[in-house]
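Each value in this text was obtained by applying a stated rule to the coordinates, not by laboratory testing. Computed from a predicted model, the values in this text were never measured in an experiment. Heads up, the Cβs are rebuilt from the backbone with ideal geometry, glycines too, and the neighbour counts pull from every protein chain shown.
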Amino acid sequence: MKSSGSANLIGRCSLFKQSKEDKKIYLFSNFIQRLRPNTKIVIPEFLYYFLNFEGKKFVQYLMTTTTGLRNLPIKQYVKLQIPHPSLPEQKKIVVYLDSLREKVDKLKQFQQSQLKELTELKQSILAKAFKG
């Protein structure tokens, strides 16, 4: 995202994959900047991880504010030096980060289920205490 009222959204990246069979036309908001990486040099998932994590530091440095909206100067942003190890090494990094992400997602789900159970237990205890 290149412009927003929230600093947390500026420079945030998403990965959009369209299969070759998908012939639909997709439109993007003018607040979104689309990047199409040269896949002979960088794997899109590697670029996604880099821009969302290491690239955020650069975004914070570049961000400007006008009329209450924070903006990312795209001409300067695209000058960010992106490391690009060999494609096999990028793939290894992506597989590793994907596995960590899956573990984090599972832990978040577990945490949410535990919170739900504790909330229900609390309600049960309170109901029992007040009903006798």
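How high is the FRET efficiency between Asn30 and Glu54 when r is their beta carbon distance and R₀ equals 35 Å, given to the nearest 0.05? Could the numbers behind the result be given before it?
Numbers: r = 26 Å, r/R0 = 0.75.
Calculated transfer efficiency: 0.85.
Between Glu102 and Gln76, how many nm apart are label points set 7 Å from Cα along the C-beta direction?
Using points 7 Å along Cα→Cβ, the separation is 4.0 nm.
Longer than 21 Å from Cα to Cα, which of Lys40/Lys75; Lys24/Lys79; Lys40/Lys92; Lys20/Lys40; Lys17/Lys91 are they? Say none if no pair is. Intermediate results must be reported in sequence, preceding the final value.
Values: Lys40/Lys75 23 Å; Lys24/Lys79 31 Å; Lys40/Lys92 16 Å; Lys20/Lys40 18 Å; Lys17/Lys91 17 Å.
Over 21 Å apart, Cα to Cα: Lys40/Lys75; Lys24/Lys79.
I want to check the label-to-label distance for Glu117 and Leu15. Put each point 7 Å from Cα in the C-beta direction and report it in nm to one decimal.
Output for this residue pair reads 3.2 nm.
Roughly how big is the range 85-132's charge dipole about its Cα centre, with Cβ charges of +1 (Lys, Arg) and -1 (Asp, Glu), in debye to the nearest 20?
Dipole about the Cα centre, nearest 20: 220 debye.
Which of the peptides 91-101, 110-120, 21-31 is most tightly packed, and how do the rest follow, judged by the mean count of other Cβ atoms within 10 Å per residue?
Put in order of decreasing packing, that is 91-101, 110-120, 21-31.
Leaving out same-chain residues fewer than 8 places away, which aspartates and glutamates sit with a Cα under 15 Å from that of Lys106?
Those aspartates and glutamates meeting the cut-off are Asp98.
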